[in-house]
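The values are calculated or read from the model by the stated rules, or taken from the named source; none is laboratory data. No experiment lies behind these values; they were computed from the predicted model shown. Ideal geometry is used to build each Cβ from the backbone, glycine not excepted, and the neighbour counts take in all protein chains shown.
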Amino acid sequence: MPACTLAALLGSALALGCQGAPAAPATSPSAPSPAQGRALASLAWRALELLPAAAVAPPPARTAPAFEAPQRPGDASFAIGPTNAGALVGPVALPEDLTSLAVRPVTRSRGATHGTRALVALLSKAAQRVAREHPGSVLWVGDLSRAEGGPLPPHRSHTNGRDVDLAFYVSRDGRDGPVPADQPAMVRADASGRIAGSRDLFFDRARNWALVRALLEDPGVVVQWIFVADHLRALLIDHARQVAPPALVARAERVLAQPKDSSPHDDHFHVRIYCGLEERLQGCLDAPPWHPWAPRHEAELARWLDGLLPFLETPREPETREAIERIVRMNATNAIVHLERLVEEPLDAELRLLAHDALGFLRRGYTREAWKRWRAEEAP
Ligand SMILES: [Zn+2]
């Protein structure tokens, strides 16, 4: 597949995966107007090439999406699909060299030690922050996802590297105060915080709150949920009101929740993060709710779509095919009407088939099976 055609056409030399493609100057007669091409400047199509910043960093004068610091080729790491039927591309394993973070043996034996780069970085930073604030703390990490994602029994989610189960920080009553007694076992805590079956172990509110705080204050990742039983949520919020600013407590009140449709989570936290923008462009799908501070990427996605639609209005190979593929990856259902118009045009058979497939996908919604059609390329 002649990937990078659009990127080259639009004068982008930014897509690292497109080094073989000639970068036409922006003034090239074949280049679309800046308005058409503003978000396309650095389009690259294969997963390998769609790297944060490397592939999508915009030329300064344009209004393309802004991304975080550049990463190297091979750093591509993203979730595809929703958390209960997704896949993971470019998996990142939990670090092995931190004293503040440990992997539960059962998680290791299941191979459920992989997440998106964003999730693994979030956990590493949070564990280190808690250990700095409370020396001796060890965050015992349970299941994330398998390296390739997909079903991970007995979980319903955990399919695309955006979910993780975490053991509670547990302490022992000591003569001079609580002593960390963190352990790989996921132990149930009652409404007073006592650990079931133990005389002196308890759910350490201060350290568990420190974890929640670290997760919520991470500048690079937005946490959607921290599932935990209502009675433990109450202990955490009570504690937070004494030590944290009201705005942060208000966020915690929205993010901490006992799930209605699964176990009450009285023996561990389940953390889920939202899709980042670059993931969203590759097929990552969030589900509601969106907290008021959550990134919906609507403006950026609209700009990308604006840049793609001209190639549907005036079909030409291979740009139109690439635009259709991107639209599917973005799950841009508001492009359906444009695709419907496209299939009325005189088109070559292959392109018509692709447009029909895209319509079917966008109308019926994401399924793991349907997605396989659209993810022919893999990350390194
Ligand atoms: Zn879980």
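Any idea which of (1) touching a residue at least 40 places away in the same chain (Cβ under 8 Å); (2) surrounded by fewer than 19 Cβ atoms within 10 Å (Cβ to Cβ) is the one residue 292 doesn't satisfy? For residue 292, the exception is condition (1). Comparison of 161, 174, 149, 142 shows that the only residue that is under 26 Å from residue 194 (Cα atoms) and within 16 Å of the ligand (Cβ to nearest atom) is 142.
Does residue 307 satisfy being surrounded by 22 or more Cβ atoms within 10 Å (Cβ to Cβ) and out of contact with any Leu (no Cβ under 9 Å at 6 or more places or on another chain)?
Spelling it out, it is not the case that residue 307 is surrounded by 22 or more Cβ atoms within 10 Å (Cβ to Cβ) and out of contact with any Leu (no Cβ under 9 Å at 6 or more places or on another chain).
Candidates 248, 236: the one that is away from the ligand (no atom under 16 Å from the Cβ), surrounded by fewer than 19 Cβ atoms within 10 Å (Cβ to Cβ), outside any loop (DSSP other than H, G, I, E, B) and at pLDDT 95 or above is 248. Condition check for residue 128 on (1) away from the ligand (no atom under 15 Å from the Cβ); (2) part of a loop (DSSP other than H, G, I, E, B); (3) closer than 27 Å to residue 277 by Cβ; (4) not small (Gly, Ala, Ser): one failure, at (2). Of all residues in the range 135-174, those satisfying the criterion of being among the hydroxyl-bearing types (Ser, Thr, Tyr) and either closer than 20 Å to residue 225 by Cβ or surrounded by fewer than 21 Cβ atoms within 10 Å (Cβ to Cβ) (or both) are 145, 157, 159, 169.
Per the conditions (1) under 22 Å from the mean Cα position of the chain (by Cα); (2) modelled with pLDDT of 95 or more; (3) assigned to a helix (DSSP H, G or I), the sole criterion not satisfied by residue 280 is (2). Do the conditions hold for residue 122, that is, is it at pLDDT 95 or above, within 16 Å of the ligand (Cβ to nearest atom) and not in a strand (DSSP E or B)? Yes: the conditions hold for residue 122. Can you confirm whether residue 156 is within 16 Å of the ligand (Cβ to nearest atom), out of contact with any Ser or Thr (no Cβ under 8 Å at 6 or more places or on another chain) and touching a residue at least 40 places away in the same chain (Cβ under 8 Å)? Criteria not met by residue 156. Just one of the listed residues (161, 150, 174, 111) is farther than 29 Å from residue 261 by Cα and of a type in the set (Gly, Ala, Ser), namely 174. Once the range 253-277 is narrowed to residues that are more than 16 Å from the ligand (Cβ to nearest atom) and without any contact (Cβ under 8 Å) to a residue 40 or more places away in the chain, the residue that is farthest from the chain's Cα centre (by Cα) is 253.
Within the range 103-119, if we keep just the residues that are under 23 Å from residue 85 (Cβ atoms) and within 13 Å of the ligand (Cβ to nearest atom), the residue that is surrounded by the fewest Cβ atoms within 10 Å (Cβ to Cβ) turns out to be 110. Specify the residue that is modelled with the highest pLDDT; the eligible residues are those in the range 366-380 that are out of contact with any Leu (no Cβ under 9 Å at 6 or more places or on another chain) and over 16 Å from residue 322 (Cβ atoms). It comes out as 367. Of all residues in the range 334-373, those satisfying the criterion of being crowded, with 18+ Cβ neighbours inside 10 Å and touching a Phe, Trp or Tyr at 6+ places or on another chain (Cβ under 9 Å) are 358, 361, 371. The conditions of being under 27 Å from residue 367 (Cβ atoms) and either within 16 Å of the ligand (Cβ to nearest atom) or crowded, with 17+ Cβ neighbours inside 10 Å (or both) are not met by residue 188.
So which residues in the range 73-100 are more than 23 Å from residue 154 (Cβ to Cβ), buried (at least 24 other Cβ atoms within 10 Å of the Cβ) and not β-branched (Val, Ile, Thr), if there are any at all?
Within the range 73-100, 76, 77, 78 qualify.
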